[in-house]
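Asks: Below are the C-alpha cells for one structure; questions will follow.
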Amino acid sequence: MTSQVFKTLLSVYYFICIIFYVNCQLQYCKPRVLTEEGDVNIASIIAIHETGSNNCGKISETEFQVAAAIRWTINTLNGNNNSLASFIPGVKIGYQIYDDCGLEMLSNKHLTDMIHVNEAEDCIQPPTPAVSSTPLLGIIGTSTSQTTSSISRLLEHTKIPVVGIAATLPELSNKTLYPNFVRAIPSDTIQSKVILDMVKKLEWSYIVGIRTDDNYGREGFLEFSKMAKQAGICISDVLVLRRGDPNMINVIETFIRGLISQINVTVGNNFGVVYFGHASEANSIFDTVRLRSSRWHNPARFNSIQWIMSEGVGTSLSVASAHKIHRNLLLSVSITNLELSEIRDGFLDLVSVTKFQNLTTEWKTVIEEYVRSVYKCEISQPTTLALCTDEHISKNYHPYSYISSALDAIYILATALKAAQKQLCPNQIGVCGALRSELENNILENYKQSTIDYKTIGKNFVPLRFFSSRSLKRDLNGDFKISGESLYDINIAETGREVFSKVGYYEDGVLNISGLKTKWTLPTQSRCKMVCDKCLYNDDLAYVYIPGDVLILGLFPVHDPGNGYGCGEYRNTGTSFVSLLAFLSTLADLKTKTGINFGGIVIDDCYNPLRASNLLNMVFSKKEILVDKISGSPIDISKIIAVVGAQSSNLAVSILPTLSNLAIPLISYSATSPDLDDRINYPYFLRTVPSDALQVEAILNVVKQLNVSHVGAINVNNNYGRKAVALFKRLAENSRICVEDSFELAESELSEEFTKAVNTLERNQARYVVFFGLNSIAINLLNAIGNTPASVIFIASETWGRNVNVIEGGRGLPSRGSLTLSVQTSAVADNNFREYLGSLRQENQSYIPWIHSFWQSTFQCNIPSGFNNMFQSDCSSKLKLNDATITQFVQDQRVVQTINAVTAAGIGYKNAIQYSCSIIDIMKCDTYIDSIRSVRVLSTTGRSFGIFDQDSNGNFGFIVNNIQRQSDGSYAYVKVGSFGTQGLELDVANLRFYGEIGTSIPVPESSCRFIPHCTVCLVKDPTRPVVNTLPPDTTNKSPNYKSDNSLTPVVVVLAVLVTILMIFLGVVIFLILRNNVLQKGKSESTAREPPFHTYDTATTSPPRRPSQGISLHELPRCRSSCQVLQESSDSSGVVTSRENDSDDQGPDVPTTYLSFVNGNPEIISVIAGTSQYQTSSFTPVSDPTYLHAVNLGSQEYIPPRSNAITYQQKPLTSSTESKSGYKSSNSPSISSTNALLFQNPNIQSHRRSSVSPNVPSPNALLFQSSNKQSNCHSLAQPTMNVPSSNVLIVNNLSSPRESHPSSKEVNNTQSLAPLVFLGPNTNQQQRIPYTRTLSYVTGEQLNPNPQACILGENYV
C-alpha cells in the first residue's frame, strides 16, 4: 500500500514538472529577443507584446514600430554595413531587443540574461554566468514607468546607463534613487502641466479622475492633482482601475452610472474627466458603455461626459475605434509625432513581402504575427487571411509618436561613444583596449554631452527632420529636453472615425488648440453650479513661487485652522491676504533697489502651528519637493536666506526651533509675545513690531491715566493672548488695579460663547475691559452685544488696532468710546504697493492660488470657476479695487510691517554680502543677523529710520485711538494719543465717551472700592480719590476730595487697635460655643454607648450580623505599620488584616477604623503586631479627626449607576439557615437601618419612595433618618432643611486616587475630597480637610473563611 502511494505521488510530481517545463518553454525560456551582434551592443527592453493576465498578450500595434525604428537607426549609424562609412569609423554597433510584454518579472529576467547569466537551455538546468566579449554600451527602455524603475533600481550599483524612451514618472529624475537613469522624453510633470492647461482652456473647474494602479497612473495623476488644486480646480472623485482585474467592467459601470447621475450639478450639464493610464484600460471604459448602457435609465447622458486622456493613450487606434460610436469629446496628449519619412520607409522595407525571406528567423516570426494582427493579412503563406501587399500595408501605416524618443536615446549613447573613442583611441579606428576598459564604466557620465545638435551628427546618419531643426539639451536633473520643436501634440477622436486627428500642440510652455474650433462646436464647460462641498476645503500644500537667485520664504494665514494639520475656510477677516500681496510687491521692489534678483515662496500656514512646523520640516528636509509650475523643475530651497512670518506668536514659537537649527532668520510682522524676547533660545528671531511687554505697559498707562481701578479682561486662547493678559494682570495688581479673571475665547467659538462672555462682563461690573484678542474675535464679540450701546468700554491691543471691518456693519454702536492701540505707521518703507493694488486683476494674478477667494470675499460675487456660489451674480472681468479700499489696505499696520520685514531681509542680505559675508556661506556668517538688525530705510517723508531696536524688536511706538461717532452717523478711529520712549501722551480733552442715549459724558468711573473680591484694593490708599473727570495736569488732586495728611498716623493707630479688639472677641466667642457643643455631644452619647469589647481573633467571635456595604476604611490616625482590615461576612466576625508597608518606624499605636455593622457606627482599633482588636462606640466629640456619621433608615431603593458609593447592610432573612445561624434570602428589599447614598453631583438620583419618587435636582443627595423620610435637597440651595442627625455629605471632586493593594475599585469610583459636614439641626457647612480615598472592595477576594462566600454575602 505504501509503495503504491509513493508511485502515485511520484507520477503527480513528474506531471507537474512536465507542465512547468512546457509553460516555461512557451513563456520564459523561449528567447524573446531580436538581435544583431556588433563590436559594441545597445540593449533595449520594450513591450512588443501587450500585457495579458500575468502573461504576454497579443502583439502591440505600436511597440513593434519602435523595434523597427531601433533597427533602422543602428543600421544607419553603421553605414548600412559599411564600417568605413559608419558614424564611428571601424566600430559596428549591435542591438539586442528584448520583449518584456510590459511585465516587471520579464524585464528583470531579461536584465539578468544580458548582464549576469547565459540563457538557460531548459528550465531544469541552472543558469551559468555569462561570458560575453561584446561590451554593453547602455540599455534603452522600457515601455512603462513601472518596468523602467524596476530595472533602474537593479542597476543602481552598476555603471550601465539606462535611457528612458517612455517612462515619464517624475520620481525617475531623482538621481539619488536612480543614478544611472536619464530620459529622452518629458516627465509627467510637463505632461501634467499640458493637461492642466487643456482643462483651463475647456473651462473645467469641477472634474473627476480615472487612473490605472501602476506607477504611471498613480504618480502621473498625483502630479496632475497637485497642479490642479494649486490652480483652484476641484477633483471631486477618483476611480482607480486595477490592471488585469477580471471585475473591471462592473467597476467601470458602477462609476459611470454614478457620474451620469451627478450631471445636473454642473453648469451646462457637462462633466469633465481626466484619464491617466494606458490604452487597454481606456478601451475597457468605452467597451463597458457599449455592452451595458442598454439597461441604463438614461444612457444618452454618457455623451455629456468629456474626456482628456494622457499620452499613455496617445493616438491609439484601438481607443479611437472603441470611441467612434460615441458623440462626446475625447482629447488626448501624445508625444509630438514627427512623421519621419525615413522611418516610414525603413518600416515598410522591413515588412515588405518581397524582402521578407532575407530576414532572420526571429524577425520573421514577429513580423508574421504583427501583420496578421494589425493588417489582417498573411505575409508568407495565405490561410484564412489574404496575402499581404506592400500597398495594403503602406495605406494602413500609422506612425507611433514614441519613435522619436527611441531615436533620441540611440543618438545620446552613440555620441557619448564617439566622444570616448576619439579621446581614448586617438588616430585609431575601431574599439581599442582603452575604450573597451572604459565601457565598463558609465560612459554617459564620463562623456556626457550637455547639448546634442543633430546638425553636428551628420546628415547621413539622422532623419532629415532631425537634421534641420531638432536638438537636445540636458537639464538640471540630467534629463534631455527637446529644443526647436513642440513637445506634445493634442489630438481628437472624432465620432465615426477610427483614428485621432491633431488639433493642437504644446511648445515652449504654451498650449495651442486652435484646431479644436473646427472639430468641436458644442459647449465644453465643466463647472460647479451651486455649492460643491467636496471642493471647499483643501489641505494639500498650495504655494506661490517667484523665481530668483535668492529666495525669501513668506508665511501667511490665508485660511483658518482646521482639524489636526488641516485648513479651514478662507480667512476673510483681517488683511492676511493683503499682507501676502504686500510681500510679493516688495520682492519686486527689492530687485530694483538692490540689483539682486530676489525671488520668493509663499506658503499658507492656515494659522495652524502644527501645519506650519510640519510644512517647514517637510520642505527643508526635502521630503516635500516644491516644483516650479512653469518649468517643472524642483525649487532649490537652499537659496532661502530668510523667512518672513509668522502672523501669530504661537506659529513663531512652533517654527523657530527648525529655523534656528538651520541658522535662517525669522522676521515676523505681527508676533508680539514677550516669550519671543528670549534671545538665548531665539537668536535668529526679529520682528518689526514692538513686544507685548511694551504694549502692556502702554495699556496699563492708559488705564492709570483714566484713574480706573477695576477692569475686566478678554484674551484669545493662544500664546499671545495668555501671556499678554497674565503680564497685564501682574503689573496692574502691582499698581493696585483689580483685574477680573480673563474670559478666554477662540476664533472658532460658537456664538453662544460670545454671548456668555458679554454676560460675564456685565456681571463683573467692570466698566472697562482690556482686550488681547484678534480682530475676528472682536467682530464676533460686538455681534454678540448687538446693535445696542455696550455697558463696557474696550481698551484693545494692536490686533484690533484700526481695523475698519471691526466697526462696520452696525458694530460701531457697541464699540463707541472704546480705545485701541495701533503700531505707529508714519515711518513706512517707501514702496510701490499702491500701484500694485491698483493694477490688480483677477486674471493677471492667476499664479496666486488664493486670488479667487480674495476676489469673491472682497466684491461679494461668484467666481465663474468657483465652488462656493452663494451670491446672486458672477464677478465681472472689469472689477478692480477702488481708491478708498486701496488706501485702507496701504495704511493697515500689518501690511506696513510686512513691507518693512521684507525690506529688512533684502537690504540686510545685500549689506552682508557686500561688507562682511560670503554669498556661498551666508547662513554661517555671524554678522548676517546684525546686518538685518541695522537696516535703515527712508520713510515716505524722507526721514531715515531704523526698523529694529537693539533687542531686535520693532523700533516703533503705539498710537492710541478712540472710536468716535462722525457727523454722518458713522464711526471712525480718531487718534487721541501715543506711547513711546517719552511715555504716554493722552489728549484727554479729545476723548469721547457716550451715555445710553448717545450723548457725550465725562470719563466713566470704574472703581474696585465696592467689589468685595478685589482684595488688591483692600490695601489701597484710602485717601486716593476716585473721580469721573480728569484734571488737565495731574491725577493726584481733586477739587471734590480734601485730606489732612497730619491725621494719617492717628487713623492708622486707631484702625490697628480696633482690629486687635475684634480678633480677641472672636476667639472668646468661638471657645464658648465649642465647649457647649462638646458637652452636648458627650451627654447624648452616654445613653447609646455600647459596652467596650475586646476580642481575640484566634479564640472568640463577637456576635455580628453579616453585612453588605463598603469596606472598613483607614482614618487619618493610622501612622505606622498600617493594617487595612476587611470585614468578614461569616458569623464569626473575624477581622482579617494585611500589612501595609510603611517607611514610618514610629511607635505601635492602635490603628483605628470606622465600621457600619450593628445598626450603629462603631470604632474598631487593632494593635499592630497582634491578632487582637477592640470595638467602641463612635462618639463624634471624642476625637475631632473622626468622621461624623448618622444612623439612617431606609426603604427599598435602587442605587444609581454612577460614580457613587453606597453604604447598605444586607437584610436578615428567614428562608434558609446558614452555618452561623443567620438566614439568607434573594429578596431585593433592604431592611437595614444603615443606608447612606453618596450621589455623583452630575447624575440624576433614582430614589424610589412614596414621598419622592424622583429627585428633580441633578445635584441631589439623600438624607434618611431611622424612622422618618427626609426631604431631598440640592446642593445649590442656599439653605438645607436637614433632619436632626449628623449627616455626611460628600462632594465628588477631582483629587488624586489612593488605592490600597487590598482594595478593588468598582466602576468609575473616584476619590472623594474634601468632605462637607452638616451638624445636627443646622445648615452651617463645616469643611474638614479629610482627603483619604474611599473605594469598593469585595469580601470574596480577602475573606479567609471560604464558607462566607457560599452564602453569597459579598460586598457590593
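The values are calculated or read from the model by the stated rules, or taken from the named source; none is laboratory data. Only a predicted model underlies this, so the values are computations on that prediction, with no experimental measurement involved. Cβ sites come from the backbone with ideal geometry, for glycine too, and all protein chains shown count toward neighbours. The protein model used for the area step is the full one, side chains on, heavy atoms only, and it has no ligands, DNA or RNA in it. Shrake-Rupley method; radii C 1.70, N 1.55, O 1.52, S 1.80 Å.
Asks: Which of the residues that make up the stretch 719-771 are in contact (Cβ under 8 Å) with a residue 60 or more places away in the chain, at negative phi and among the charged types (D, E, K, R)?
Replies: Across the stretch 719-771, the qualifying residues are Lys723, Glu733, Glu747, Arg767.
Asks: Select from the stretch 683-714 the residues that are of a type outside the set (Gly, Ala, Ser), more than 21 Å from Ala612 (Cβ to Cβ), under 36 Å from the mean Cα position of the chain (by Cα) and not in a loop (DSSP other than H, G, I, E, B) and list them in ascending order.
Replies: Those that are of a type outside the set (Gly, Ala, Ser), more than 21 Å from Ala612 (Cβ to Cβ), under 36 Å from the mean Cα position of the chain (by Cα) and not in a loop (DSSP other than H, G, I, E, B): Leu694, Gln695, Val696, Ile714.
Asks: Within the stretch 763-782, which residues are part of a helix (DSSP H, G or I) and surrounded by fewer than 17 Cβ atoms within 10 Å (Cβ to Cβ)?
Replies: Within the stretch 763-782, Arg763 is the sole residue that qualifies.
Asks: Does Arg301 satisfy the criteria of being under 27 Å from Asp533 (Cβ atoms), in a helix (DSSP H, G or I), open to solvent by 30 Å² or more (accessible area, probe 1.4 Å) and in contact (Cβ under 8 Å) with a residue 40 or more places away in the chain? If you could, list the steps in order and put the result at the bottom.
Replies: Values: under 27 Å from Asp533 (Cβ atoms): yes; in a helix (DSSP H, G or I): yes; open to solvent by 30 Å² or more (accessible area, probe 1.4 Å): yes; in contact (Cβ under 8 Å) with a residue 40 or more places away in the chain: yes.
Here the answer is yes, as Arg301 does meet what is asked.
Asks: From the set of residues in the stretch 575-614 that are within 26 Å of the chain's Cα centre (by Cα) and open to solvent by 20 Å² or more (accessible area, probe 1.4 Å), which is nearest to Ile886 (Cα to Cα)? Please lay out each step first, then the result.
Replies: First pass over the stretch 575-614, keeping only residues within 26 Å of the chain's Cα centre (by Cα): 575-581, 583-584, 600-614.
Now narrow it down to the ones that are open to solvent by 20 Å² or more (accessible area, probe 1.4 Å): 607, 609-610, 613-614.
On the way: Tyr607: 25, Pro609: 31, Leu610: 33, Ser613: 33, Asn614: 35 Å.
Selected residue: Tyr607.
Asks: Tell me yes or no: at least one residue of the stretch 715-722 is part of a strand (DSSP E or B), more than 29 Å from the chain's Cα centre (by Cα) and modelled with pLDDT under 95.
Replies: no
Asks: When residues of the stretch 932-951 are filtered for being in contact with an Asp or Glu (Cβ under 7 Å, 6 or more places away or on another chain) and not in a loop (DSSP other than H, G, I, E, B), how many remain?
Replies: Of the residues in the stretch 932-951, 1 are in contact with an Asp or Glu (Cβ under 7 Å, 6 or more places away or on another chain) and not in a loop (DSSP other than H, G, I, E, B).
Asks: Would you confirm whether or not the stretch 100-115 contains a residue that is out of contact with any Cys (no Cβ under 8 Å at 6 or more places or on another chain), surrounded by 22 or more Cβ atoms within 10 Å (Cβ to Cβ), over 24 Å from Ala167 (Cβ atoms) and modelled with pLDDT of 90 or more?
Replies: No - not one qualifying residue is present in the stretch 100-115.
Asks: Which condition from (1) assigned to a loop (DSSP other than H, G, I, E, B); (2) in contact (Cβ under 8 Å) with a residue 24 or more places away in the chain is the one that Leu196 breaks?
Replies: If we test Leu196 against (1) assigned to a loop (DSSP other than H, G, I, E, B); (2) in contact (Cβ under 8 Å) with a residue 24 or more places away in the chain, just (1) comes out false.
Asks: Among the residues of the stretch 376-387, how many are among the hydroxyl-bearing types (Ser, Thr, Tyr) and either in a helix (DSSP H, G or I) or out of contact with any Leu (no Cβ under 9 Å at 6 or more places or on another chain) (or both)?
Replies: Residues that pass the stated criteria total 2.
Asks: On to the next question. For the condition among the aromatic types (Phe, Trp, Tyr), free of Cβ contacts under 8 Å to residues at least 60 places away in the same chain and touching a helix residue (DSSP H, G or I) at 6+ places or on another chain (Cβ under 9 Å), what is the one hit in Phe871, Phe889, Phe854?
Replies: None of the other options fit; the residue is Phe871.
Asks: Assigned to a loop (DSSP other than H, G, I, E, B), of a type in the set (S, T, N, Q) and either in contact with a strand residue (DSSP E or B) (Cβ under 9 Å, 6 or more places away or on another chain) or within 22 Å of Arg722 (Cβ to Cβ) (or both): is that true of Thr799 in this structure?
Replies: yes
Asks: For the stretch 662-682, indicate whether the set of residues that are aromatic (Phe, Trp, Tyr), at pLDDT 90 or above, in a loop (DSSP other than H, G, I, E, B) and surrounded by fewer than 24 Cβ atoms within 10 Å (Cβ to Cβ) is non-empty.
Replies: If we filter the stretch 662-682 for residues that are aromatic (Phe, Trp, Tyr), which is where we start, we get 669, 682.
Now drop any that are not at pLDDT 90 or above, which leaves 669, 682.
This time we only want the ones that are in a loop (DSSP other than H, G, I, E, B), so: 669, 682.
Imposing the further condition that a residue be surrounded by fewer than 24 Cβ atoms within 10 Å (Cβ to Cβ) reduces the set to 682.
There is at least one residue in the stretch 662-682 that is aromatic (Phe, Trp, Tyr), at pLDDT 90 or above, in a loop (DSSP other than H, G, I, E, B) and surrounded by fewer than 24 Cβ atoms within 10 Å (Cβ to Cβ).
Asks: For Ile737, which of the numbered conditions (1) surrounded by fewer than 22 Cβ atoms within 10 Å (Cβ to Cβ); (2) modelled with pLDDT of 90 or more fails to hold?
Replies: Just one mismatch for Ile737, condition (1).
Asks: Test Ile308 against the stated conditions and say whether it is under 35 Å from the mean Cα position of the chain (by Cα), β-branched (Val, Ile, Thr) and assigned to a helix (DSSP H, G or I). Write out each step before concluding.
Replies: Details: under 35 Å from the mean Cα position of the chain (by Cα): yes; β-branched (Val, Ile, Thr): yes; assigned to a helix (DSSP H, G or I): no.
No; evaluated as a whole, the condition is false for this residue.
Asks: Out of the stretch 496-506, which residues are closer than 20 Å to Glu311 by Cα and modelled with pLDDT under 90?
Replies: Result: Arg497, Glu498, Val499.
Asks: While we're looking at this one, here's another question. Looking at the stretch 747-762, which of its residues are at pLDDT below 80 and either basic (Lys, Arg) or surrounded by 16 or more Cβ atoms within 10 Å (Cβ to Cβ) (or both)?
Replies: Glu747, Glu749
Asks: Taking interchain pairs and intrachain pairs at least six residues apart, which have beta carbon atoms under 6 angstrom, with the first residue in the stretch 457-476 and under 14 Å from Asp408 (Cα atoms) and the second open to solvent by 40 Å² or more (accessible area, probe 1.4 Å) and among the hydroxyl-bearing types (Ser, Thr, Tyr)?
Replies: Lys473/Thr451; Arg474/Ser450
Asks: Applying the selection to the stretch 166-186, what residues are within 23 Å of Gly509 (Cβ to Cβ) and among the aliphatic types (A, V, I, L, M)?
Replies: Once the filter is applied, which keeps residues that are within 23 Å of Gly509 (Cβ to Cβ) and among the aliphatic types (A, V, I, L, M), the stretch 166-186 yields Ala166, Ala167, Leu169, Leu172, Val182, Ala184, Ile185.
Asks: Something else now. For Ser334, which of the numbered conditions (1) in a helix (DSSP H, G or I); (2) within 26 Å of Arg218 (Cβ to Cβ) fails to hold?
Replies: Against the list (1) in a helix (DSSP H, G or I); (2) within 26 Å of Arg218 (Cβ to Cβ), Ser334 comes up short only on (1).
Asks: Another question about this same structure. So the check is Cβ under 7 Å with 6+ separation or different chains; which pairs have a first residue in the stretch 808-833 that's on the phi > 0 side of the Ramachandran plot and in a loop (DSSP other than H, G, I, E, B) and a second one that's modelled with pLDDT of 85 or more and buried (at least 21 other Cβ atoms within 10 Å of the Cβ)?
Replies: Every condition considered, the pairs that remain are Gly817/Ile793; Gly817/Ile963.
Asks: Is there a residue being free of Cβ contacts under 8 Å to residues at least 12 places away in the same chain and farther than 29 Å from Asn614 by Cα anywhere in the stretch 529-542?
Replies: no
Asks: Under the condition of being among the aliphatic types (A, V, I, L, M) and over 35 Å from the mean Cα position of the chain (by Cα), which residue from the stretch 512-538 is nearest to Ser187 (Cα to Cα)? Steps first, answer last, please.
Replies: Taking the stretch 512-538 as the starting set, the residues that turn out to be among the aliphatic types (A, V, I, L, M) are 513, 516, 522, 530-531, 536.
Add one more test, that the residue is over 35 Å from the mean Cα position of the chain (by Cα), and what stays is 513, 516, 522.
Working: Ile513: 21, Leu516: 25, Leu522: 32 Å.
That would be Ile513.
Asks: Then there's this: Looking at (1) part of a loop (DSSP other than H, G, I, E, B); (2) at pLDDT 60 or above; (3) out of contact with any helix residue (DSSP H, G or I) (no Cβ under 6 Å at 6 or more places or on another chain); (4) open to solvent by less than 70 Å² (accessible area, probe 1.4 Å), can you tell me which one Cys1008 breaks?
Replies: Looking at each condition in turn, Cys1008 falls short on (3).
Asks: What number of residues within the stretch 416-450 satisfy the criterion of being surrounded by fewer than 22 Cβ atoms within 10 Å (Cβ to Cβ) and under 49 Å from the mean Cα position of the chain (by Cα)?
Replies: Residues meeting the conditions: 9.
Asks: Restricted to the stretch 951-974, and to residues that are in contact (Cβ under 8 Å) with a residue 12 or more places away in the chain and out of contact with any Gly (no Cβ under 9 Å at 6 or more places or on another chain), which residue is most open to solvent (accessible area, probe 1.4 Å)?
Replies: Selected residue: Asp951.
Asks: Could I ask something else about it? Looking only at the stretch 75-102, which residues are part of a strand (DSSP E or B) and either free of Cβ contacts under 8 Å to residues at least 40 places away in the same chain or small (Gly, Ala, Ser) (or both)?
Replies: Correct list: Gly94 only.
Asks: Would you confirm whether or not the stretch 172-183 contains a residue that is touching a Lys or Arg at 6+ places or on another chain (Cβ under 7 Å), aromatic (Phe, Trp, Tyr) and in a strand (DSSP E or B)?
Replies: Checked against the condition, which is being touching a Lys or Arg at 6+ places or on another chain (Cβ under 7 Å), aromatic (Phe, Trp, Tyr) and in a strand (DSSP E or B), the stretch 172-183 yields no hits at all.
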